[in-house]
Amino acid sequence: MGERPVIGRRIAESRPSFVEYPRPPAGAPNVVMIVLDDVGFAQLGCFGSSIETPNIDALAAGGLRYNRFHVTSICSSTRACLLTGRNHHAVGVGLTQETTMGFPGYTGRIPKSAALLSRVLRDAGYNALAVGKWHLAAGGEYSAAGPTDRWPVGMGFDRFYGFLGAETSQWAPELVRDNTAVDPPRTPAEGYHLTEDLVDEAIRMVQDQHQAAPDKPFFCYLATGAAHAPHHVPAEWIERYRGRFDDGWEAERAAAFHRQLELGVVPKGTELTGRPSWVPAWAELPADERRVYARYMEVFAAFVTHTDAHIGRFLSFLRERGLLDNTLVLLLSDNGASSEGGITGTLNETSAWMGTPQDLGEALEHIDEIGGHRTFNHYPWGWAWAGNAPFRLWKRYSWLGGVRTPLIAHLPREIASDDAGGVRAQFCHAVDLFPTVLDLVGIAPPAVVDGVTQQPIDGTSIASTFTDAGAPEVHTLQYFEMHGSRALYHDGWKATTNYVSPLFRERDHIEGSSDFDDDRWALFDLDHDFSESRDLSAEYPERARHLEELWWSEAGRNQVLPLFEGPPGPDIAHPGEYPRPARAVYTPGGGPVAESQLPAMIGGFTLTADVEIGPGDTAAGTICALGDRHGGWAFYVLDGRPVIAFVVFGRRTRLAAAEPIGTGRHALGVRYAGPKARTLSLTVDGAVVAEDELPFPPFFAGVSTAGGGLLVGRDRGVAVSDDYEPPFPFGATLSSVVIDSARPGAEPDRVAAFVTGLRSD
């Protein structure tokens, strides 16, 4: 505030005092943070990949590449580090937001003592814009009822357009604008793709902001769905890669490593770690398997290149507007390449992470559909191994393959022209980017926000490395933990356990211990062993023991404990704001109802629709639908006949009445007897007209419904069944849809959601 106002009886006798708007320091840069998803260390061209990323490569050529940048090994946790500057357990995000627990490090609720970068910059005079994947609100808070205080607009962003959950279809995403669910602007048939839409929105937001206040800087957080599964991309981009990966993952990994050495992004003398036993040798695979697996990789590569093209479009917009030279651009990936497609890859990722292998015959039959509207595909983990060259393992683990990813920094005024394109080798972590941004902007982190004292920032600015390749390393101690996989870095050394969670061990066939009392800590001198390839624990047992003890100290300080072994019981999975209702009534015209807010269905349910068919009505259309052909269900009328279609973990069940219903009022129903009987019944006016067994319980808290949910009277996106094309509105009178749970309380549903979230990340 300015001077105190003087208030007289008249304006002539008074003196005003005006509100002072916060202003950042003169010349403060714009900030753009581009977060890629599930892109490994060796999956960008400028980090050695054969995948074409010319726009990202050009950004790196004008900036810096960091080859010892580290993350947490999964999506939500890394994003929490990036935006708070604190370690992930210290802000309650020790796992993904679908897998929250009732322990301080795992609640999934970032505390008010850790204000996000968006809030800090906005309070300093910036506009804060978020576009794309969020994944920082607890999974049970995705619905229209919220609470929305941990959605982007509640966490300091002025605007948001994107999706709230872990992943979504690139063809038919579950979108939110600010705090409201919205449909995509076009349909899949009309050529819609999420990445293109997100970049359109990012450009529009920046354009609007800049035209309204050209002197006001902005923070744009652009988090693509790519390259997380499903790997969806237009067919013409896939054709560019046809035949490019026929030599297999060993060849791709070796070639990437050779290019990494040539580019200097990996130091000379680095050892390329060998193929583990759980990754099959390419040459020993049957020809049909090699053909399918190569196609999966062609699609992934096309997805990355397509994403690069749209990132290039956003960067070109900034350049054409004269904004790029004064914009700090940080581009990174949130974790290493993902193994969630399993050993064989999959047409339906839900099936893969629930441990159902892909049938090779089915994959061959649909090979040309991979990447399109009819698949929810993910590549085999051999490509994840190749994409993390030269490291071991992948996403979810604390080995370097899970926690070391590309980082590019671009700010022309801070990087000398003769140093552009350089490589920085200082150890750094996602928590360091928060203080680095504030350092380069020229503002101090606040001690108090909204009356809440802020907890210590765990990161340290790496701004000194922008101007000095030999700047001292400032981040010398960092713990890692994810699903029990643990590691600690200290002064050039790293200790890593061989722990493998029981949740993944049987499915993934990864060698290691599943007992915290018996797992072993390996020791690596990363200053002389860039790829974590030579275990020195036998040679330096005291150092290995010291790092293990340091890990326990850091674990206690950061709320890591208790270590999670899984599978969970209902007493630890965090409940939502309200329990699921035992009965709910839905009417047409509203937005989607999140699956987590529906009455529990997995233990049995009854659904009843009150419809009336008039003489001039069309006896066809959607009664209600949830999800799509990759996982979900739809209840609809086709040529006067009620139909129920379920897709659970890739298995399809369809029941249809033999006879059409006549005019007049009818009660159309669906009944599921529960997981023991598994009987699914279709009823008309109380009489059973069709019946079959549902092979899996109706559980859909996964990829195709993250952030979206049940629609009444219409469908959207990709249909559950080939019987119709969305929106397929109901052509008669639909008064209501009532769902009654056969087992209110839904604790097993909550636990099932928790386990599913753990497997999907």
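The values are calculated or read from the model by the stated rules, or taken from the named source; none is laboratory data. Since the model is a prediction, treat every value here as computed from it, not as a measurement. Positions of Cβ are generated from backbone atoms using ideal geometry, with glycine treated the same way; all protein chains shown enter the neighbour counts.
Observations
- The set of residues in the stretch 40-72 that are farther than 20 Å from E252 by Cβ and out of contact with any Gly (no Cβ under 6 Å at 6 or more places or on another chain) comprises A58, L59, A60, G62, G63, R65, Y66, R68, F69, H70, V71, T72.
- The set of residues from the stretch 150-194 being touching a strand residue (DSSP E or B) at 6+ places or on another chain (Cβ under 9 Å), at pLDDT 95 or above, charged (D, E, K, R) and crowded, with 17+ Cβ neighbours inside 10 Å comprises D158, R159.
- Per this entry, F480 is not counted among residues that are closer than 28 Å to P29 by Cα and at pLDDT 95 or above.
- Among the residues of the stretch 236-254, those that are more than 30 Å from L526 (Cβ to Cβ) and part of a loop (DSSP other than H, G, I, E, B) comprise R240, Y241, R242, G243, R244, F245, D246, D247.
- Scanning the stretch 636-665 for residues that are hydroxyl-bearing (S, T, Y) and touching a Phe, Trp or Tyr at 6+ places or on another chain (Cβ under 8 Å) turns up Y636, T653.
- Long-range neighbours under 6 Å by Cβ, at least six apart or interchain, first residue more than 25 Å from G632 (Cα to Cα) within the stretch 331-351, second in a loop (DSSP other than H, G, I, E, B) and of a type in the set (G, A, S): N335/S73; G336/G40; A337/G40
- Only one entry in P380, P406, P390 is buried (at least 24 other Cβ atoms within 10 Å of the Cβ), closer than 25 Å to M33 by Cα, touching a helix residue (DSSP H, G or I) at 6+ places or on another chain (Cβ under 7 Å) and modelled with pLDDT of 95 or more, namely P406.
- Scope the stretch 60-102; condition among the hydrophobic types (A, V, I, L, M, F, W, C) and in contact with a His (Cβ under 9 Å, 6 or more places away or on another chain); matching residues: A60, L64, F69, V71, I74, C75, A80, C81, L95, M101
- When we screen G62, G85, G40, G48 for residues that are modelled with pLDDT of 95 or more and surrounded by fewer than 24 Cβ atoms within 10 Å (Cβ to Cβ), the only hit is G62.
- Every pair of residues 6+ apart whose Cβ atoms lie under 6 Å, when the first sits in the stretch 106-128 and is at positive phi and touching a residue at least 24 places away in the same chain (Cβ under 8 Å) while the second is among the β-branched types (V, I, T) and not in a helix (DSSP H, G or I): G108/T100
- On inspection, R374 passes the criterion of being assigned by TED's automatic domain parsing to the domain that holds R68, basic (K, R) and out of contact with any helix residue (DSSP H, G or I) (no Cβ under 7 Å at 6 or more places or on another chain).
- Number of the exception - F257 against (1) touching a helix residue (DSSP H, G or I) at 6+ places or on another chain (Cβ under 8 Å); (2) outside any loop (DSSP other than H, G, I, E, B): (1)
- Selection of the stretch 93-135 for residues being in a loop (DSSP other than H, G, I, E, B) and either in contact with a Leu (Cβ under 6 Å, 6 or more places away or on another chain) or under 15 Å from G154 (Cβ atoms) (or both) yields Q97, T99, G108, R109, I110, P111, K112, A114, A115, L116, W134, H135.
- All positions within the stretch 198-235 that are touching a residue at least 40 places away in the same chain (Cβ under 8 Å), under 20 Å from T187 (Cβ atoms) and in a helix (DSSP H, G or I): L198, V199, E201, A235
- Residue match in the stretch 16-25 (condition: of a type in the set (S, T, N, Q) and in contact with a Pro (Cβ under 9 Å, 6 or more places away or on another chain)): yes
- Subset tally (residues that are farther than 22 Å from A114 by Cβ, of a type in the set (A, V, I, L, M, F, W, C) and touching a Gly at 6+ places or on another chain (Cβ under 7 Å)) for the stretch 141-170: 2
- Residue satisfying all of: in the stretch 483-541; assigned to a helix (DSSP H, G or I) and of a type outside the set (D, E, K, R); farthest from T72 (Cα to Cα) among these: P541
- Near pairs, Cβ below 6 angstrom, 6+ apart or cross-chain, from the stretch 668-686 (modelled with pLDDT of 95 or more) to any residue that is of a type in the set (A, V, I, L, M) and surrounded by fewer than 16 Cβ atoms within 10 Å (Cβ to Cβ): S681/V688; D685/A667
- Only a single item in (1) of a type in the set (D, E); (2) farther than 30 Å from N87 by Cα; (3) surrounded by 15 or more Cβ atoms within 10 Å (Cβ to Cβ) is not met by E612, and it is number (3).
- Residues in the stretch 271-303 that are among the hydrophobic types (A, V, I, L, M, F, W, C), more than 21 Å from S338 (Cβ to Cβ) and in a helix (DSSP H, G or I): A283, A287.
- Flag for A420 being in contact (Cβ under 8 Å) with a residue 40 or more places away in the chain and more than 19 Å from the chain's Cα centre (by Cα): yes
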